[in-house]
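Remarks on the structure that follows.
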Amino acid sequence: MNLKKYLVRALHRLQKGPGYTYKELLVWYCDNTNTHGPKRIIKEGPKKKLMWFFLTLLFASLVFWQWGILINTYLSYNVTSSLSIGFKTMKFPAVTVCNANPFKYSEVKPLLKELDRLIEAALERILQPGNSSEDESPPLDLELWNQIPLVLIDEHDKDNPVILDIFETNQTAVGNDTNVNNGTAGDNETMGNKTMNDFGAKPTCSHQGSDNCTYRNFSSAAQAVTEWYILQSTSILSKVPLHERIRMGYQAEDMILACLYGAEPCNYKNFTQIYHPDHGNCYIFNWGMDEEALNSSNPGAEFGLKLILDISQQDYIPYLSSAAGARLMLHQQKSFPFLKDQGIYAMAGTETSIGVLVDELERMGYPYSDCTMNGSDVPVKNLYSQYNTSYSIQACLRSCFQNHMVEICGCGHYMFPLPEGVTYCNNEDNPGWAYCYSSLRSSIKQRQICIDSCKETCNDTQYKMTISMADWPSEASEDWIFHILSYERDMSTNVTLDRNGVIKLNIYFQEYNYRTISESAATTIVWLLSSLGGQFGFWMGGSVLCLIEFGEIIIDSVWITIINIIGWCKGLKQRRARARYPDAPPTVSELVEAHTNLGFQHEAPGAVPRAGELPPEPGTPPPNYDSLRVRPPDTLGPDSNRDTE
């Protein structure tokens, strides 16, 4: 109760200026505010007062509307990009070189022997359907073929296409629920070429013997055969241990014939070997894993990296690699090279010069963009972390796909790293893996999940390349160059190299100017405050002090509301007390006076009356002092000033 009284007194003291009612408070505000409109409302005549009231209301509405637009613009967190050009000594990029062919055919031929015989027989039946040999010796092993066959699709009758297995003579009409052109036939996949007949390659089914298969159509038999061979070889090579796959690939001492960085000689020992599923053994120069990254001393071709490579084209796998050359990529130190997406080819028999320009990208993080600094806030487990490489969007997307493949198909794809405790898919252990992989790869939903889960890196370095080529070596110099290179590699006086297997590379900085593309906030808190103040000053002639005055009147209104609530609560208690005591109870002073005049004195039971006092009559009860109550302080009426404090 004392706290409430103190609060009421404090509020009253604070409210001495504006007044104790809402009307008094509003009049006081309009008369004392620095905002122009409200003063005119209370000082003008009736007609102008009405006009100024509507003008003030209109302009106040415009202010709040503009404020809403400005605040919404600020909360959208837009960015602006700026381009700056600098000059400094830069780190030479990491250079990854691979052979376009992943394995030496002489090493991997025993594993692919049956597959090669199948594809040769299939090509013979495709190209010469009437002259195909029936007496294969030894007979073909059709187990691989039956798992994922190549089929011919006759579409002379568009409404009733006919599917013909190359190694079968019977024809199968495609049902009405099959749409060959759209690549679907029940649940299966085919590859196809469109010649006299559509060529459907590999109808992948959920399990062997199933009628539900997915067909992938191709416009050329060359594409269908290549895709079919890659899928089948993937199943075979996935069962080969990693160290065996590395042994079957191209070794650094055989592939890297000569190396020169600036004025310093180098060799294959200055390269770091990694195994890449698409290209076999790859070799990285200046990766920065074990030692400091190299700086480029000067721009220009004389201060870059010079390489001479031997790709041994005569040992290519005929049906797996249709392109010949070296695959190379420039990237940052400690980043994994995704050559299939970002690499370039260098052609055999040429000298390829690559001039490099550097672009540095600096993105703003949350809330301006959904980028990540190191991938720690990405929900996808990075499977490429086993290489101790930095995060990248490509690593995240492939890790996401592999995780979905393991979850849905029960095994991992050969082209991506494996999570712990998982094996690669193959036809023997996972008969329906090709169907599952094809369905997952074509699923837009799964693709969108990975896109939404992965993030771009906030800081990135991109290398822009200017590429030029020339024949190398020239006809006049090829004899002595090939003699020297053959002797240095094989210690042989015979020429073991030729123009179809040798590549020369020159990689260098064109200039030391680098471009930095950085993002900055388009709207800042300073911009927001100045814009809000500008709109308020333009429409209402106000300032920050006017806003403080407006805040003051809100606080005063709250205080008046509190006072009214407390007064209402006190009045409610008084009404309840009056209902309980219709007649006003005696005050303390009245009780004292009555006690003195009547001489009431409480006697203990059995006490002897004093002299001059008459004993109480028999049967008379003692006085009830409980009925003499003191009036509660909360029920004091207007005459409460009679009480003694």
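So here's what we get for this one:
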read-out: Selection from the stretch 256-275 of residues that are surrounded by 14 or more Cβ atoms within 10 Å (Cβ to Cβ) and assigned to a strand (DSSP E or B); value: Ile256, Leu257, Ala258, Cys259, Leu260, Tyr261, Cys266, Phe271, Thr272, Ile274, Tyr275
read-out: Residue match in the stretch 373-383 (condition: touching a Gly at 6+ places or on another chain (Cβ under 7 Å) and polar (S, T, N, Q)); value: yes
read-out: Among the residues listed as Phe103, Phe64, Phe54, Phe59, the single one being part of a helix (DSSP H, G or I) and at pLDDT 90 or above; value: Phe64
read-out: Pairs with Cβ under 6 Å, 6+ apart, first in the stretch 111-124 and under 15 Å from Ser235 (Cα atoms), second in a helix (DSSP H, G or I) and modelled with pLDDT of 85 or more; value: Leu111/Ile236; Leu115/Gln232
read-out: Answer from Gln510, Gln462 - the residue that is open to solvent by 50 Å² or more (accessible area, probe 1.4 Å), in contact with an Asp or Glu (Cβ under 6 Å, 6 or more places away or on another chain) and not aromatic (Phe, Trp, Tyr); value: Gln462
read-out: Scope the stretch 218-245; condition open to solvent by 50 Å² or more (accessible area, probe 1.4 Å) and touching a Phe, Trp or Tyr at 6+ places or on another chain (Cβ under 8 Å); matching residues; value: Glu227, Lys239, Leu242
read-out: Evaluation of Trp539 against (1) within 30 Å of Thr73 (Cα to Cα); (2) open to solvent by 60 Å² or more (accessible area, probe 1.4 Å); (3) in contact with an Asp or Glu (Cβ under 7 Å, 6 or more places away or on another chain) (one fails), failing number; value: (3)
read-out: Residue ranges of strands (runs of 3 or more DSSP E) in the stretch 308-363 with at least 2 members open to solvent by less than 10 Å² (accessible area, probe 1.4 Å), polar (S, T, N, Q) and closer than 21 Å to Leu260 by Cβ; value: 350-362
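Let's see how each residue does on (1) at pLDDT 90 or above; (2) more than 30 Å from Asn267 (Cα to Cα); (3) in the same structural domain as Arg515 (by the TED database); (4) not β-branched (Val, Ile, Thr):
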{"residue": "Cys436", "(1), (2), (3), (4)": "no, yes, yes, yes"}
{"residue": "Ser442", "(1), (2), (3), (4)": "no, yes, yes, yes"}
{"residue": "Ala470", "(1), (2), (3), (4)": "yes, no, yes, yes"}
{"residue": "Asn494", "(1), (2), (3), (4)": "no, no, yes, yes"}
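The values are calculated or read from the model by the stated rules, or taken from the named source; none is laboratory data. This one's a predicted model, so the numbers in the text were calculated from it and none came from an experiment. Every residue, glycine among them, receives a Cβ derived from its backbone with ideal geometry; neighbour counts consider all protein chains shown. The area values use the complete protein model at the heavy-atom level, side chains included, leaving out ligands, DNA and RNA. Shrake-Rupley method; radii C 1.70, N 1.55, O 1.52, S 1.80 Å.
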